[in-house]
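Enquirer: To start, I am sharing the structure in question, which I have written as structure tokens.
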Amino acid sequence: FDLGQPDQAREPLERAIDFARRESLNEGRLARHIDRIRFKLAIAHAATGREREATQTMAEASSTTLLGIDQQYRELAKGAIALAKNDFKGGESIAKIILSIDPDRASRDDLELGFLAARLFYRAPDMPAELVEKVIRRHTRWAESIGRLAEDRSLLEYLRPHYDSIMEAAVSLTDFPPAEIAHIALEATTPRSSTVEKDSLIFYFEKDHGWAMDIDAQGSAVVVPLSIGSDAIATARDNDQEKSELAQRIPEPIRQRAKSLPPEKIRIADPVLDLTTSDAEFLTH
């Protein structure tokens with residue numbers, strides 16, 4: 001549900017509601033969870049354009065007083081339905097939920113709510129740049145707090161769709177600091193934390209595109225979009241002709257920069273996408 005595929009969440013959520021309802025009738029267990037699952041189902045409906053189904057699901061929720069996290073899920077569902085109606089205030093209400101979650105005090109439930117809210121927020125068009133920046137930074141803080149616990153790739157794999165969303169949102173903002181984008185790219189690809197080095201080159205790839213972050217000797221950075229992704233790099237590994245063709249698609253300033261740097265100053269390794277240091281070789285073709 002939280003990985004950008006709400007259409008695949010509807011059926012499992014419907015089954016979860018039926019299961020929780022049966023359990024609550026038989027033994028009284030799980031009754032308090034039913035409304036939260038309904039709110040998630042309403043969000044899934046709204047995110048896939050089923051506004052009527054989302055509104056109906058909300059109406060089926062109990063009228064009992066909700067507290068804490070369940071109240072937040074109801075507000076998030078309302079915001080998602082507003083977005084489905086092209087009411088952009090839905091984005092603003094979702095942003096309020098995101099910014100209310102303290103990264104230093106957040107529980108697992110808080111983070112689950114926050115991650116879902118952030119993914120929904122990025123769907124909202126025409127949000128003020130200042131508000132988008134605040135959401136990106138809060139989303140990044142949550143991801144960093146979890147990612148720094150990662151001693152293997154499993155947590156980085158879970159977080160990667162979130163980092164992809166963060167990167168897409170950050171590079172779309174004209175005034176978002178490129179040095180911060182470079183930091184986000186490193187956090188997404190490095191177990192534990194990593195410092196952005198001066199006079200270095202950092203690559204961040206999705207499957208079909210990516211970005212290069214060029215950091216100069218003073219620590220200033222520029223972000224350059226790339227028309228190649230990790231799939232193309234993996235395909236070209238054992239084929240010099242394909243490597244050469246791939247290199248031609250890299251902007252010339254980035255290619256020349258890569259040739260001028262020692263290998264340890266070029267960060268391309270990515271455990272989630274199975275890219276290694278040697279995958280930078282195509283830059284020299």
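Enquirer: Using only the alpha-carbon atoms, what does region 91-194 span along each of its principal axes? Please give whole angstrom values in decreasing order.
Expert: Principal-axis extents of the Cα atoms in region 91-194, largest first: 38, 31, 20 Å.
Enquirer: Would you tell me the accessible area of GLU75, worked out with a 1.4 angstrom probe on the heavy atoms of the protein chains, in Å² to the nearest 10?
Expert: Surface accessible to solvent at GLU75 totals approximately 60 Å².
Enquirer: Follow-up question, since we're still on this one. Can you sort LYS265, LYS78 by 1.4 Å-probe accessible area, starting with the largest?
Expert: Values: LYS265 55, LYS78 105 Å².
Final ranking, largest accessible area leading: LYS78, LYS265.
Enquirer: In nm, give the distance between the simple-model label positions of LYS89 and ARG141, each being 7 Å from the Cα along the Cα-to-Cβ direction.
Expert: Inter-label distance under the simple model: 2.7 nm.
Enquirer: Stretch ALA234-SER107 to full length: gain in nm at 0.36 nm per residue minus the Cα-Cα span?
Expert: Here the answer is 41.9 nm.
Enquirer: Moving on. Can you give the Rg to Rh ratio for region 213-285, taking only C-alpha atoms and Rh from Kirkwood?
Expert: On the Cα set of region 213-285, Rg over Rh gives 0.95.
Enquirer: Could I ask something else about it? So, R0 is 30 Å and r is the distance between the beta-carbons of SER220 and LEU173; what FRET efficiency does that work out to, to 0.05?
Expert: Details: r = 17 Å, r/R0 = 0.58.
After rounding to 0.05, the efficiency reads 0.95.
Enquirer: Just to be sure I understand the curve: with the Debye formula and one point per C-alpha of region 24-177, what is log10 I(q)/I(0) at q = 0.11, 0.14, 0.15 Å⁻¹?
Expert: Normalising to I(0) and taking log10 leaves -0.46, -0.73, -0.82.
Enquirer: If DNA, RNA and ligands are ignored and the probe is 1.4 Å, what is the ranking of ARG15, ARG138, ARG108 by accessible area, most exposed first?
Expert: So the residues, ranked largest to smallest area, are ARG108, ARG15, ARG138.
Enquirer: Further question on the same structure: Sequence-distant or interchain residues sharing an amide H contact under 5 Å with ARG267, placed H: which?
Expert: It is LEU201, ILE202, PHE203, by chain and number.
Enquirer: Here is a further query. Would you grab the residues whose amide H sits under 5 Å from the one on LEU275? Only those 5+ places off in sequence or on another chain, please, with H modelled 1.01 Å from N.
Expert: Answer set, sorted by chain and number: ASP270.
Enquirer: Which loop GluC sites (Glu not before Pro) in region 86-193, with loop taken from DSSP, have no more than 11 other Cβ atoms within 10 angstrom of their Cβ?
Expert: Within region 86-193, the qualifying GluC sites (Glu not before Pro) (loop, at most 11 other Cβ atoms within 10 Å) are GLU151.
Enquirer: What whole number of Å gives the distance from the Cα centroid of region 221-267 to the Cα centroid of region 119-149?
Expert: 28 Å
Enquirer: Can you list, largest first and rounded to whole Å, the semi-axes you get for region 45-100 by taking the square root of 5 times each eigenvalue of its Cα gyration tensor?
Expert: 18, 17, 7
Enquirer: Could you compute how fast the chain diffuses translationally, taking Rh as the Kirkwood radius over C-alpha pairs and applying Stokes-Einstein at 4 °C with viscosity 1.567 mPa s? Give it in µm² per second. Spell out each step's value before the answer.
Expert: Details: Rh = 20.6 Å.
Stokes-Einstein gives a translational diffusion coefficient of 63 µm²/s.
Enquirer: Just the Cα atoms of region 156-285: what Rg and Dmax do they give in Å?
Expert: My reading of the Cα-based Rg and Dmax gives 13.7, 39 Å.
Enquirer: Amide H of GLY219 versus every other amide H placed in the peptide plane: which residues, excluding those fewer than 5 positions away on the same chain, fall under 5 Å?
Expert: Residues meeting the amide H criterion: ASP199.
Enquirer: To continue, here is another question. Run the dipole for the chain about the Cα centre, Lys and Arg Cβ at +1, Asp and Glu Cβ at -1, nothing else charged, and hand back the magnitude in debye, nearest 20.
Expert: Dipole magnitude for the chain comes out near 860 debye.
The values are calculated or read from the model by the stated rules, or taken from the named source; none is laboratory data. None of these values were measured; they are calculated from a predicted model. With ideal geometry, Cβ positions are generated from the backbone for all residues, glycine too; neighbour counts draw on all protein chains shown. Just so you know, the surface numbers come from the protein's heavy atoms only, side chains and all, with ligands and any DNA or RNA stripped out. Shrake-Rupley method; radii C 1.70, N 1.55, O 1.52, S 1.80 Å.
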